[in-house]
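Contents: one structure, followed by commentary.
The values are calculated or read from the model by the stated rules, or taken from the named source; none is laboratory data. It should be emphasised that the depicted structure is a prediction, and the values quoted were computed from it without experimental measurement. As a convention, Cβ positions derive from the backbone with ideal geometry for all residues, glycine included, and neighbour counts pool all protein chains shown.
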Amino acid sequence: MKICFASLRKTIAYADVLKYGMDVFYESYKHYIKNNTQHTFSFYNFAFNHNKKAAIRDINAIKEADIIIFPAVQEFIYFAKAMDPRDVERSQEHIRKLYEHLNNKHFILMTQDRGVDKDLILNYTLENKVNFKSFQIIDEMDFTLSLQGLKYHFIKRIPVFDDHKKITDFVYWGSDKRKIAGGENSNDERYNIIKSIHKNETIKDVIIGRWPKTIKVEKKWISLNDVIPYLQKSYSTLCFNWIDQTAVTGRYHESIACDVFPFVWKDYDANNTLITNDFQRIFTIDEFYDKIKEIKKSDKWLNTIKKDFLNKLPTENEYYKEFERVLNDRIKR
């Protein structure tokens, strides 16, 4: 089969882990290519930059492919009225050039965001202009403890920074997620919760990412590699679900790798894929404040959940083998 790995929107020159939001997919796909020489691989607007190759918009790669794999990076923000409409339109212009060449292809969406699904891709990204031969999805939740479990292994490759004493009560990295595609309110609670914590003068916090001006951020957009020093100095974080209460998030795996206690908001991970101790669940702000005091007393709670997590976490190589099985399953359909 001729398989094109296509970044339809963003130009991506992938160099290494912890520097790109979808590195768990990129790294897994890199291993897949190495082990599946029966296929012919091409790229559109993406390159594994350790080979010093440029990421170019090669329409011929799309034309000649039997299968298009699209790793969607925060695709929903282009339609949530979170960006300058002129930037969105410029991006859409590049994608519109591909419509005729995407028709009648087998399409595989790779997603790690509950707001990025088949409906978003067909109706918003591709504006109802493309008819695929088949449309399939590989989701981060198709893997043991989520494919984001690879982040734990990636983080453990790097040394702990010398000055890593815990000095911050709470750290949060990400965005407010207040809008979904179409600009409608998502009813996500994290903005109000994070704002309340940020305003509490008894809590020393660090907020990183895209947030309204009501919240003072330490940094806006930085790679996870640059976020890690802040994590290593922090006691706790809060994990929120985005649309789907049964899903989990990479934040959980990243925090455990940095010895940050991952509290979770209400019904996060409703199926208890990761959560093994109800102490982690937070239902009110006051409960959060009380439990922060508790985890600062000793490492007892952190060590308990970390042990449970590591007992279930696949090895890095096991994740790559699982990814290979999942992708081969989609290709055979």
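Please specify each residue of segment 281-308 satisfying the condition of being surrounded by 12 or more Cβ atoms within 10 Å (Cβ to Cβ) and among the hydrophobic types (A, V, I, L, M, F, W, C).
Ile282, Ile285, Phe288, Ile292, Ile295, Trp301, Leu302, Ile305
Do the conditions hold for Thr237, that is, is it closer than 28 Å to Lys19 by Cβ, among the polar types (S, T, N, Q) and surrounded by 14 or more Cβ atoms within 10 Å (Cβ to Cβ)?
It is true that Thr237 is closer than 28 Å to Lys19 by Cβ, among the polar types (S, T, N, Q) and surrounded by 14 or more Cβ atoms within 10 Å (Cβ to Cβ).
Looking at Ile121, Ile137, Ile158, can you tell me which residue is closer than 20 Å to Thr246 by Cα and over 14 Å from the mean Cα position of the chain (by Cα)?
Result of the check over Ile121, Ile137, Ile158: Ile137.
Could you count how many residues in segment 162-191 are farther than 22 Å from Phe240 by Cα, surrounded by 13 or more Cβ atoms within 10 Å (Cβ to Cβ) and at pLDDT below 90?
1
Could you count how many residues in segment 252-303 are outside any loop (DSSP other than H, G, I, E, B), over 18 Å from Val206 (Cα atoms) and polar (S, T, N, Q)?
Count: 2.
Go through Val227, Val248 for me and flag whichever is in the same structural domain as Phe154 (by TED's automatic domain parsing), touching a Phe, Trp or Tyr at 6+ places or on another chain (Cβ under 6 Å) and not acidic (Asp, Glu).
Residue meeting the stated conditions: Val227.
Residue under question is Gln92, and the condition is that it be within 24 Å of Ile180 (Cβ to Cβ) and either within 21 Å of the chain's Cα centre (by Cα) or modelled with pLDDT under 95 (or both); does it hold?
For Gln92, the condition - within 24 Å of Ile180 (Cβ to Cβ) and either within 21 Å of the chain's Cα centre (by Cα) or modelled with pLDDT under 95 (or both) - is not met.
For Thr249, indicate whether it is modelled with pLDDT under 95, among the β-branched types (Val, Ile, Thr) and surrounded by 22 or more Cβ atoms within 10 Å (Cβ to Cβ).
So Thr249 fits the description; yes.
Scan segment 100-138 for residues that are under 12 Å from Val24 (Cβ atoms) and surrounded by fewer than 21 Cβ atoms within 10 Å (Cβ to Cβ) and report the count.
The total comes to 0.
Note down all Cβ pairs under 6 Å where the first residue falls in segment 285-313 and is over 22 Å from Ile197 (Cβ atoms), the second is β-branched (Val, Ile, Thr), and they're at least six residues apart or on different chains.
If the second residue must be β-branched (Val, Ile, Thr), the pairs left are Lys306/Ile256; Asp308/Thr276; Phe309/Ile256.
With the condition kept exactly as written, say whether any residue in segment 227-247 is part of a helix (DSSP H, G or I) and within 30 Å of Lys34 (Cβ to Cβ).
Yes, segment 227-247 contains a residue that is part of a helix (DSSP H, G or I) and within 30 Å of Lys34 (Cβ to Cβ).
For segment 145-162, how many residues meet the condition of being in a loop (DSSP other than H, G, I, E, B), touching a residue at least 12 places away in the same chain (Cβ under 8 Å) and not aromatic (Phe, Trp, Tyr)?
So the count comes out to 7.
Look through segment 192-201, keep the residues that are of a type outside the set (Ser, Thr, Tyr) and over 13 Å from Trp211 (Cα atoms), and return whichever of them is surrounded by the most Cβ atoms within 10 Å (Cβ to Cβ).
Filtering segment 192-201 for residues that are of a type outside the set (Ser, Thr, Tyr) and over 13 Å from Trp211 (Cα atoms), the one surrounded by the most Cβ atoms within 10 Å (Cβ to Cβ) comes out as Ile197.
Scan segment 121-144 for residues that are out of contact with any strand residue (DSSP E or B) (no Cβ under 9 Å at 6 or more places or on another chain) and either in the same structural domain as Asn187 (by TED's automatic domain parsing) or in contact (Cβ under 8 Å) with a residue 60 or more places away in the chain (or both) and jot them down.
Matches in segment 121-144: Met141, Asp142, Phe143, Thr144.
Determine if segment 22-32 includes at least one residue that is more than 20 Å from Ile138 (Cα to Cα) and either in contact with a Pro (Cβ under 8 Å, 6 or more places away or on another chain) or among the hydroxyl-bearing types (Ser, Thr, Tyr) (or both).
Checked against the condition, which is being more than 20 Å from Ile138 (Cα to Cα) and either in contact with a Pro (Cβ under 8 Å, 6 or more places away or on another chain) or among the hydroxyl-bearing types (Ser, Thr, Tyr) (or both), segment 22-32 yields no hits at all.
Answer yes or no as to whether Lys156 is closer than 18 Å to Leu302 by Cα and either modelled with pLDDT under 95 or not assigned by TED's automatic domain parsing to the domain that holds Asp308 (or both).
The answer is yes for Lys156.
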